[in-house]
1. If ASP82 satisfies every condition in (1) under 30 Å from GLU157 (Cα atoms); (2) without any contact (Cβ under 8 Å) to a residue 12 or more places away in the chain; (3) surrounded by 11 or more Cβ atoms within 10 Å (Cβ to Cβ) but one, which is the exception?
2. Taking segment 26-43 as the search range and keeping residues that are of a type in the set (Gly, Ala, Ser) and farther than 20 Å from ILE122 by Cα, which one is surrounded by the most Cβ atoms within 10 Å (Cβ to Cβ)?
3. Tell me, yes or no, whether segment 190-203 has at least one residue that is under 22 Å from TRP277 (Cβ atoms) and assigned to a helix (DSSP H, G or I).
4. Please find, among LEU406, LEU328, LEU394, LEU383, the residue that is surrounded by 13 or more Cβ atoms within 10 Å (Cβ to Cβ), closer than 30 Å to VAL237 by Cβ and modelled with pLDDT of 80 or more.
5. Which residue, of GLY334, GLY320, is on the phi > 0 side of the Ramachandran plot and open to solvent by less than 20 Å² (accessible area, probe 1.4 Å)?
6. Any idea how many residues of segment 89-116 are open to solvent by 50 Å² or more (accessible area, probe 1.4 Å) and either among the small types (Gly, Ala, Ser) or touching a Lys or Arg at 6+ places or on another chain (Cβ under 9 Å) (or both)?
7. Any residue at all in segment 295-316 that's of a type in the set (Gly, Ala, Ser), under 19 Å from ARG234 (Cβ atoms), part of a helix (DSSP H, G or I) and at pLDDT below 85?
8. Out of all the residues in segment 56-65, is one or more surrounded by 17 or more Cβ atoms within 10 Å (Cβ to Cβ) and over 16 Å from VAL98 (Cα atoms)?
Amino acid sequence: MEGLNLVSTFAEFKELKNIDRPTMMSVLEDIFRTQLARMYGSADNFDIIINIDKGDFEIWRNRTVVETVEDPNTQISKEDVDKIDSSYEIGEEFVEPVSLASFGRRGILNLRQNLQARIADIEKANLYNKYKEKVGEIIVGEVYQPWKKETLVMDEEGKELLLPKSEQIPSDFFHKGDTVRAVISRVEMKNNSPVIILSRTSPVFLERLFEQEVPEIFDGLITIKKIVRIPGERAKVAVESYDERIDPVGACVGVKGSRIHGIVRELRNENIDIINWTNNTQLLIQRALSPAKISSIKISEEDNKIYVSLKSSEVSLAIGKGGSNIKLAGMLVGKEIEVFRELEEGEGEEDVLLSEFSDEIDQWIIDALKAIGCDTAKSVLALPVADIVKRADLEEETVVEVQRILRAEFE
């Protein structure tokens, strides 16, 4: 029975089509030699012939015929040889087959276990190498099991892939059997096993979706220069055309938005701003903060920040919902952007910058208010408490106290 199990394991090894012939031969020979060395002390005097096509093998033991045996593994006495074949002379090589039964039950079990372990190792190595080469590619899989912290996805070959919660769009919700598209983010080795990690939040995923939907990008006529995302909320894609006859923004949007709509649906209605790329930083900032109209831009080399001034009516447009627009614009140009509201006529000296209240208001609260375009006392007092709570993500009690402090300044 053990012999049959070994042969079936051998056949399983043979069926692995993606293992090249030399590797198969080498692994199988190594396994047999290891077991022979364990049984006889050395396997140097054994010939192992493996028939890959038939899925079987032969083992031959070579020993020198001697008068007196000193090493029973490599030598055999003339007396013992004569019992088998009397034609051998002293000094000649005596060759005899080694049957599987001579390995014993434990030996056969060891062979089978070692062979199965090597098969598993080769499969793991092949899986790792296969997906390592596919990092950055989109894959379509089927949801096998959704869990709280991750979702197990099966590819078309039945291989297990992981889509962690951190790599899912916040509004993603999967059921067993759902089809899911994601990009292969990375391949890791955990406990000597490859783990393929997928991502739907990576900028690469959005880039690959554009390549699928926009032929000009796939053909190289339009290049995606940079992508920044807040997954599920908003993204900015800077594109450039190498052909003056092609409008890169129009090509990416498509007729009546036909190309961009499919991508937006895949990303759970994520707003996508497509921008013409330029090496002119000031112009890029203007395009990135669109639809807001900027009054002035100052790029500071000292603190690596960009200071933008806008009219009051333009501030909310530049900031965007939850500060998403200005955050992404900063990511796109690679610098932090601070927005300043231009004082309206008549406000002049009566208003006070929030930074003047740093001794009464914590700096992190001032930063949160600046992030939504409120850089002066009156700009904070002009907004309803509920609006500030929602946009700046502050507690209602905090906002009420801040407004009380600011109001006292003018009283």
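1. Here ASP82 clears every test but (1).
2. ALA43
3. Yes, segment 190-203 contains a residue that is under 22 Å from TRP277 (Cβ atoms) and assigned to a helix (DSSP H, G or I).
4. Just a single option satisfies the conditions, and that option is LEU328.
5. GLY320
6. 9
7. Among the residues of segment 295-316, at least one is of a type in the set (Gly, Ala, Ser), under 19 Å from ARG234 (Cβ atoms), part of a helix (DSSP H, G or I) and at pLDDT below 85, which makes the answer yes.
8. Checked against the condition, which is being surrounded by 17 or more Cβ atoms within 10 Å (Cβ to Cβ) and over 16 Å from VAL98 (Cα atoms), segment 56-65 yields at least one hit.
The values are calculated or read from the model by the stated rules, or taken from the named source; none is laboratory data. Not measured: the values here are computed from a predicted model. Here Cβ is always computed from backbone atoms with ideal geometry, including for glycine, and neighbour counts include all displayed protein chains. Heavy atoms of the whole protein, side chains included, go into the accessibility calculation; ligands, DNA and RNA do not. Shrake-Rupley method; radii C 1.70, N 1.55, O 1.52, S 1.80 Å.
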